[in-house]
Structures are given as C-alpha cells and as structure tokens.
Amino acid sequence: MPQEVRDRLISLERAEGSVAVVGSMNADYTVTARRLPEPGETVRGGALRILPGGKGANQASAAARLGANVCIYGAVGNDPNADFLLGELDAAGVDTSEILRTEGATGTTVITVDANGENTIVYSPGANGKVSAGYVQSHRDALADASVLGLCLESPMTTVIAAAEAAHADGVTVLLNESPFLPELPHELVTSTDILLVNEHEAAQLLELDEPDGGDWSGCDWDDVVSRIADYGFERAIVTLGDQGSVVIENYRWYRVDVAKVPAKDTTGCGDAFMGTVLSGLAAGYSLLESAQMASYVAGYAATRLGAQASFGSAADVLAYFSA
C-alpha cells in the first residue's frame, strides 16, 4: 500500500466533514455452496448465516468503521431483524436516531456464495419500501448539514429523487450508486447527482457499450466512455471493474486505479465497502481519485472475509492486513 494512501486512511478519523446515507437496511440470509445453482437446480450448501446488510446500511457501516461521522436515514420493521440491524449499525458507529420504525417485516436478502467468492442475491424490500419523500423532506435540515450524501436504488425512486434534489439544492455533494441497476435513470435524479458509481456491467448497460470478450477491460476506449457518461449527464463518475480495479472520471479525463490483490473469500460487500470509503474520503476533503485509491484497499480487505457489514474493517484493520 502506498504511503500516501496509508496517510489518508489514518486521517479519516480526524476529518470534520460528515456523511448522510438515505438507503436500505436488510437482514442477509447467507449460505455458502461449492458452486451456484443453475436455474431449476438444487445444490447442497453449508450452514445458514443471518448477517446485517442492505446497501445503504452497508455503505454507512463501512464509512463509520473508517472513522467518518455518519447518519443513516431509512426504515426497519417491527420484527427481530430490526433490532438486530440497528444494533449492528450502532456498534459500527452509525447514528441511527432518525430511522423510522414501521409495521411489518424488515428488508431481507437471500444470498448464495460459491467457492470462488461469487454470489447471487434476491432482494425483498420490506420496510425499505415505506420510506417516503415526505420522510426525506422532514429531515431536510439535517441532510443539509452533511458534506456528502450517499444514495442507492433499494429505496423507492420518489424517495431517492427527493433526497438527491434536496441535498443538491443545499450544496451537499450527491453520490449515487446505481444499484440495483435501472436501464434508464429519471432526468431529475441525473441532474441532482454530482457523482455516479457503477460497476462495469452496469456501465455497459447504461451507456450501451459492448462488454469486452473475456471481461478484459484493459483495451477499453475510456475516452469514449467519458464522452458517453458526459452525454448522459454526469461529469464525475467511478466505474468499478472487479479484480481489474476501477476507473475514475473527472473533468472530462479518466484515471485508472489499481486493484488491491487479495485471496477473495466473498465479494458480497465489496462494492458497498468501496462506496462507503469514497463517501468517507469526500467528506474528509479528498478528491474523487484519492478516495477511490483508498477504496481499492478497503474493498480488498472486505473480500477476504464473509458477509457484507461483517467483512468491513477499521482503517487500522485494513492497514494491518496489507502491512502483513
């Protein structure tokens, strides 16, 4: 790990900026198997584990564990999973005081992880679907105090748009993770988003790109990608490329960020660890490129452990792992 990245990670705990996340909280029902099943097929798996998840909660947890001041906005149900998820977020250092408690089930996901760390995920929104635009408006003053707002698409679209518009109008940097993927984003969301974060498959679908044979993105015409993203409405973006690193796009230029090479056990939470780190970096005043460089190592550390939030570490954990 380069010394400048180490220094940035260490400094996150002293940062004065803050992170707001409007997003989902789920209980992840996770089972490992030698391989993922084909359609209609049953495969034998290991023991079932119930782990804390939800893209919003994951991103908030990752940021807080790195030392950022983080508040999450969203909803849980009135079932045992709600208390479990709130307890995990509290333990990570996330402010959960504004979370809405509703009748019914908390959000859940069913996840299968194979021997190579690849996964399949099925999402049931539960209480996440009850987070309204009115709820966001009632917290507008608090959101305006944040340095950066993190959003994904596991909340209702009207809610995501309301959060983006309010934060953007109040001068808060809005970072959108377009996941779960939508082939077309509402114009209001695009114009209120400062930074787009997508993986390579999402970028290919959104921008109508042909994915390279064999998944090797090294020969991609990134100047063309920059142009297409700008035409879509984004001047700043990050495209994550799995084990090939990521590409940061800013000021009509692109920059390659190397991956942190690790023996992956489970990639379930890596994207959220990456996003949470970028949120932390931006809140601390680092550039998008500097934040992505930190995120490569934090996500790499997460890949060496099982689960989403359960795989996240503090800055000290990440530094110790890559020092060893």
Mind giving me the nanometre distance, one decimal, between the label points for T304 and Q205, set 7 Å out from Cα along Cα→Cβ? 3.2 nm
Under a straight-distance cross-link criterion of Cα-Cα below 17 Å, which aspartates and glutamates are reachable from K130, leaving out those fewer than 8 residues away in the same chain? D79, E98, E103, E154
Please give, to one decimal in nm, the separation of the simple spin-label points placed at A91 and V122, each 7 Å out from Cα toward the Cβ. 2.8 nm
Send over the semi-axes of region 56-208's equivalent ellipsoid, whole angstrom and largest first, taken as the square roots of 5 times the C-alpha gyration tensor eigenvalues. 22, 22, 16
Choose one answer from T267, T30, T191: the residue with the largest mean-square fluctuation in a GNM of the chain with alpha-carbon springs under 10 Å. T191
Cα centroids of region 309-324 and region 75-141: how far apart, whole angstrom? 24 Å
How many nm is it between the label spots at S218 and V110, if each spot is 7 Å from the Cα in line with the beta carbon? 4.0 nm
Over all alpha-carbon pairs in region 265-314, figure out the percentage whose distance exceeds 16 Å. 32 percent
1.4 Å probe accessible area per residue over the chain, in Å²: 42 Å²
Which residue, L241, L89, L151, tops the fluctuation ranking in a GNM of the chain built on C-alpha contacts under 10 Å? L241
Just flag the GluC sites (Glu not before Pro) in region 22-120 sitting in loop per DSSP whose Cβ has no more than 13 other Cβ atoms within 10 Å. E41, E103
With eigenvalues of the C-alpha gyration tensor scaled by 5 and rooted, the chain, Å: 25, 25, 21
State the percentage of accessible surface on region 91-229 attributable to carbon and sulfur atoms; use a 1.4 Å probe and exclude ligands, DNA and RNA. 47 percent
Could you compute the FRET efficiency for I50 and A316, with r as their C-beta to C-beta distance and R0 at 45 Å, rounded to 0.05? 0.95
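What does the C-alpha gyration tensor say about the overall shape of region 1-127? Classify as rounded when a/c is under 1.5, otherwise prolate if a/b is larger than b/c, or oblate.
Because a/c hits 1.5 or more and a/b fails to exceed b/c, region 1-127 counts as oblate.
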Kirkwood Rh, angstrom, region 131-230 [1 / mean 1/r, Cα pairs]: 14.6 Å
Classified through the alpha carbon gyration tensor (a ≥ b ≥ c as square roots of its eigenvalues; rounded if a/c is under 1.5, else prolate when a/b is larger than b/c, else oblate), region 185-304 comes out oblate
Carbon and sulfur: what percent of region 1-41's accessible surface (1.4 Å probe)? 46 percent
For the chain the mean separation of alpha carbon contacts under 8 Å (6+ apart) over residue count, i.e. relative contact order in percent, is 19 percent
Taking Cα centroids, how far is region 194-242 from region 145-178 in Å? 21 Å
To check you understand DSSP bridge types, tell me what percent of the beta bridges within the chain (both residues inside) are antiparallel, rounded to 5. 40 percent
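The values are calculated or read from the model by the stated rules, or taken from the named source; none is laboratory data. All figures in this text were calculated on a predicted structure; none of them were measured in a lab. Reconstructed Cβ throughout: ideal geometry from the backbone, glycine too, with neighbour counts over all protein chains shown. These accessible areas exclude ligands, DNA and RNA; they are computed on the full protein's heavy atoms, side chains included. Shrake-Rupley method; radii C 1.70, N 1.55, O 1.52, S 1.80 Å.
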